[in-house]
Amino acid sequence: MAPSRRRTVLIVDDDENLRRMLRVALRLAGFETREAGSGLDALAMLDRGERPDAIVLDVILPGIDGLAVRDEVAAHTSARAVPIIVITGAKIPLDRLSPTCVLRKPFTPEALVATVEKCLQEF
């Protein structure tokens with residue numbers, strides 16, 4: 001039996017410290033990680049053909065906000081079926097998103113991992 005492939009999560013957040021915490025939590029849970037410091041960087045990665053199994057996406061980003069990135073990903077042929085876990089501390093309506101794929105800041109590393117795993121199962 002061949003070993004199973006480790007799933008990859010793209011972390012998109014402009015806060016380097018938060019990206020580090022997310023990276024550590026996800027790697028300890030067995031995920032591979034990639035990182036982007038902005039929405040434009042994340043979209044460029046997708047354009048280059050890098051397709052993660054899930055995306056953890058902050059809403060408040062420089063240049064293009066996370067919800068616009070989410071819409072672009074949804075329109076991207078190769079990434080359309082990638083689950084997106086939105087993280088935010090902002091009090092904005094998130095009615096367009098699956099409530100199981102939203103994490104309100106602050107959250108624990110355990111909540112992050114549980115949400116990523118649950119959203120991966122839904123897709």
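Based on the Cβ-Cβ distance from Ala68 to Ala29, what FRET efficiency comes out when R0 is 22 Å, to the nearest 0.05?
Details: r = 28 Å, r/R0 = 1.29.
Step by step, r from the Cβ atoms, then E = 0.20.
In square nanometres and to one decimal, what's the mean projected area of the convex hull around the Cα atoms of the chain?
Answer in nm², one decimal: 7.6.
Where a ≥ b ≥ c are the square roots of the eigenvalues of the C-alpha gyration tensor, would you call the stretch 20-81 rounded, which needs a/c under 1.5, or, failing that, prolate if a/b is larger than b/c, or oblate?
Oblate is the answer for the stretch 20-81, as a/c is 1.5 or above yet b/c matches or exceeds a/b.
For the stretch 1-56, take N as its residue count and report Rg(C-alpha) divided by 2.2 N^0.38 Å.
The stretch 1-56 yields a ratio of 1.17.
Figure the gain on full extension for Ala75 and Asp14 (residue separation times 0.36 nm, minus the Cα-Cα span) and round it to one decimal in nm.
19.7 nm
Quick check: net charge around Asp15, other residues with Cβ under 13 Å of its Cβ, Lys/Arg +1 and Asp/Glu -1?
Taking every Cβ under 13 Å from that of Asp15, the sum is -1.
Near the amide H of Glu35, under 5 Å away, which other amide H atoms are found, from residues 5 or more places off or on another chain, if H is placed in the peptide plane?
For Glu35, the qualifying residues are Ile11.
Between Arg104 and Ile60, what length in nm is gained on full extension when 0.36 nm per residue of separation is reduced by their alpha carbon distance?
Working it through step by step, the gained length comes to 14.6 nm.
Evaluate E = 1/(1 + (r/R0)^6) for Gln121 and Arg51, where r is the Cβ-Cβ distance and R0 equals 25 Å; express this FRET efficiency to the nearest 0.05.
0.85
The numbers here are math on the coordinates, done by the rules we state, and not lab data. As the structure is a prediction and not an experimental result, all values here were calculated from the model. Note that we place each Cβ from the backbone using ideal geometry, even for glycine, and neighbour counts take in every protein chain shown.
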